[in-house]
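None of the figures in this text is laboratory data; all of them are computed from the coordinates on show. Only a predicted model underlies this, so the values are computations on that prediction, with no experimental measurement involved. Every residue, glycine as well, gets a Cβ built from its backbone with ideal geometry; the counts of neighbours run over all protein chains shown.
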Amino acid sequence: MDLLEHQGKEFFAAYGLPTSPGEVALAADEAVAAAERIGYPVVIKAQVHVGGRGKAGGIKLGTDAGEVRRHAEAILGLDIRGHVVRRLWIEQAADIAEEYYAGFTLDRSARRHLGMLSAQGGVDIEEVAATAPEAIARIHIDPTEGLTSEACRQWVAEAELNPAVTDQAVELLDLLYRAYVDGDADLVEVNPLIVTGEGRLHVLDAKVTLDGNAQFRHPNYAAYDETVERDEREQEAHARGLQYVGLDGTVGVIANGAGLAMATVDIVDEAGGTPANFLDIGGGANADVMSAALEVVDGDPSVRSIFINIFGGITKGEEVARGIIEALGRVDIASPIILRLDGTNAAEGTEMLRPHLSEGLRLAPDMVEAARMAVTAAEAREGRP
Amino acid sequence: MSIFVDENTRVVYQGLTGSAGRYYGLLNRDYGTQVVAGTHPRKAGSDVDGIPIFATVGEATEATGADTSCIFVPAPGVPGAVLEAAEGGVRFIVVITEGVPMHDEARTFAHLQRHHPEVRLLGPNCPGVISPGHCNIGITAGHIAKPGGPVGIVSRSGTLTYQALHELKEKGIGCTTCVGIGGDPVPGTNFIDCLAAFEEDPDTEAVMLIGEIGGSAEEEAAEFIAEHLSKPVVAYIAGMTAPPGKKMGHAGAIVSGGRGTAAAKVEALGAAGVRVGSNPTQAGELMAEVVAGL
């Protein structure tokens, strides 16, 4: 779950990290009112789940009410790499002397935490990693030990920050690591982490990804989920508890299991078609799940055919067949369905489905043939409403 | 022969009294697995269809000689259950439960490495392990796997594992052991652990590896294969067409910042001499060719 900048700062502040005072504004009037309360100069920042906001004109300095209003009006509604700005963060402007980078995440290969610290902050860290990897000081942290102050001091020294802020950095990184661990974040990043004109270390931006699996011990996570941007189809699927990702093709995909769903999307592409979505209905395939899945996929106006790919393991072919027959009795599906049913009792399931077969529901002998049939069916209906 | 488990493996189920634990525990027993015990802190002395329940794993291993644990408890209880199993004396712990927080996984794995280095953890969020004809621990439908050999399977994805077993069985090819390592951020057992074990197993003559987008586990596996594997490997990688930044189902499956792409994984595996199928069916066909040439 990715947080917006202002949510990330709120999250950091709760762990004692130094952030700037600010307010959320959804309209230009609110932005001006917020700026009046905070005091000029302020920074007007677009709140979207995407990087590169500054370059796109989504971050501006406002020195008076007129300037704040002008910038707020320009930024609201701005399209930043496909994300339309609907929310602003108005924050007291900071006096920047130096810009650093600090972050923690899991190093999957090492199966340990990884801290990254650089005196070259304020720019895309992946670019720094590619062009000047030696400029990033890395530290591996054993999760049972945590970040010890000796190790942290050594790490700060390696990063060659301004020696005057060493003690502050050790203290701040300890807080950031606590936020990462105790807050159950997959990723925390401060870029830039600045040194102010007065020589104070300060959090100027926040990138936080929380682990949705840890929501059971963080009830406040639910509020963050509400601001996650989803397109209409994803919103609908999310509300129905389906694992759905919208793509931009014409062949709708429904499969049981994430791996099989990914493989199904791939095989549609391989057959010369374009997948409209990824949808994993999980282990079972009962009528409730199947009808919800069919409705979501068929509700996508781009979809011209639907490829259902089910491999029965513990779930038997008969149960899958029953689910599909019942679902089709409940919902009216416009697109032709191509079904591939394999695995446990696939033959019995196929027998049950036989009387229900038509132009609207056809069976395919295997995955590859099913993809071909679905792509052909989609092409045949190209341009139809 | 097989890796990690065989017909002598004796399993205690933590969570046997719950609905999923009971369902799969009994299915595993029907398959022939030695399901010798279950645990529940307040139901000691009772039984689940004749399988005795103990208060702790320690008591269960003492009384039944269990050497392996299979965990079905809810996600918040998983770290405690794993530690209990390790302290209770089992050598192998299989965690089926999904939804375990990343930090819990990282802490638990590090704790085992430090205090119980002899214990192997598989999962969390994995389908388990099956040595067809001998032992099935977890949620794999046993009958889709053909016993025997010569293929060993290791997979990050549940349903694609079943698909692979099925493809091989259709072609009359048996499997020594099929290990589902799961797609979570901190897998207790990874590709390399399984590849090393298959290399040592005399009955495994070829390995099928099923990976997916996200992380760099497949690239690391490729490096290991190039350096250490004498046996042929066939692979399939799911997610060729996955768009960057979108999580496909579970925590591991995401292409971010140009990393973790299927193309990079396919290239790395190809460079290591692995034959990579463009879909699961083709991977099955490639494996049939490899087996025919053994």
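Quick notes on this one:
- Size-normalised alpha-carbon gyration radius of the range B:145-292, reference 2.2 N^0.38 Å: 0.96
- Shielding by partners - mean other protein chain Cβ count within 10 Å, residues of A:334-345: 2
- Pairs of alpha carbons in the range A:248-291 separated by more than 17 Å make up 30% of all such pairs.
- Residue mean of other protein chain beta carbons inside 10 Å, A:121-128: 1
- Working note: Cα gyration tensor of the range B:104-216, eigenvalues times five, square-rooted, sorted largest first, giving semi-axes of 24, 15, 13 Å.
- Stokes-Einstein D in µm²/s, Kirkwood radius over Cα pairs - the range B:222-294 at 20 °C with 1.002 mPa s viscosity: 161 µm²/s
- Amide H to amide H distances under 5 Å link residue A:243 with A:280, where only residues 5 or more positions off or on other chains count and H is placed in the peptide plane.
- Two-decimal Rg to Rh for the range B:10-122 - Kirkwood Rh, Cα set: 0.95
- Hydrodynamic radius by Kirkwood, which averages 1/r over all alpha carbon pairs of the protein assembly as shown, in angstrom: 26.8 Å
- Helix A:287-298 vs. chain A, principal-axis angle (Cα, 0 to 90°, nearest 10): 70 degrees
- Across the range A:120-202, Cα-Cα pairs farther apart than 22 Å form 26% of the total.
- Only lysine pairs 8 or more places apart or on separate chains count here, and in chain B those with Cα atoms under 19 Å apart total 4.
- Proximal lysines relative to residue A:9, as straight alpha-carbon distance under 23 Å, when same-chain residues fewer than 8 apart are discounted: A:45, A:55, A:60, A:207
- Stokes-Einstein diffusion coefficient of chain B, Kirkwood radius over Cα pairs, 10 °C, 1.306 mPa s, in µm²/s: 83 µm²/s
- Structural descriptor for the range B:145-292: relative contact order 25 percent, calculated from alpha carbon pairs under 8 angstrom and at least 6 residues apart.
- Across the alpha-carbon atoms of the range A:1-125, the computed radius of gyration and Dmax are 15.8, 52 angstrom.
- Inverse mean reciprocal Cα-Cα distance (Kirkwood Rh) of the range A:296-385, Å: 13.4 Å
- Our compactness index for the range B:39-195, the C-alpha radius of gyration over the empirical 2.2 N^0.38 Å, is 1.06.
- Inter-centroid distance (Cα atoms) of the range A:328-345 relative to the range A:161-238, Å: 44 Å
- Sequence-distant residues sharing a close amide H with residue A:186 (under 5 Å, placed H): A:209, A:210, A:211
- When only Cα pairs below 8 angstrom with a gap of at least 6 residues are kept, chain B shows a relative contact order of 14 percent.
- Nonlocal amide H pairs with residue B:213, under 5 Å, H built at 1.01 Å: B:238
- Quotient of Cα Rg and 2.2 N^0.38 Å for the range A:232-380, N being how many residues it contains: 0.91
- Cα-based helix-to-principal-axis angle, A:5-14 vs chain A, degrees rounded to 10: 60 degrees
- In loop segments of the range B:1-110 as defined by DSSP, the trypsin sites (Lys or Arg not before Pro) with at most 13 further C-beta atoms inside 10 Å of their C-beta are B:42.
- At least 15 Å along the helix axis (C-alpha) and Kyte average at least 0.0, DSSP helices within chain B: B:280-292
- Shielding by other protein chains, A:135-143, mean Cβ within 10 Å: 2
- Reciprocal of mean inverse Cα separation for the range A:21-92 (Kirkwood radius, Å): 11.5 Å
- Here is the list for the range A:196-305: GluC sites (Glu not before Pro) lying in DSSP coil, each with at most 16 other C-beta atoms within 10 angstrom of its C-beta, are A:198, A:226, A:229.
- As a size descriptor, the averaged projected area of the C-alpha convex hull of the range A:179-239 was calculated at 5.8 nm².
- For the options B:253, B:37, B:196, a Gaussian network treatment of chain B with springs between C-alpha atoms closer than 10 Å singles out B:196 as fluctuating the most.
- Antiparallel bridge percentage (DSSP; both residues within the range B:10-122; nearest 5): 10 percent
- Table column - 3J(HN,Hα) (Hz), the range B:174-184, Karplus curve with 6.51, -1.76, 1.60, x for Gly and Pro: x, 10, 6, 8, 10, 10, x, 7, x, x, 6
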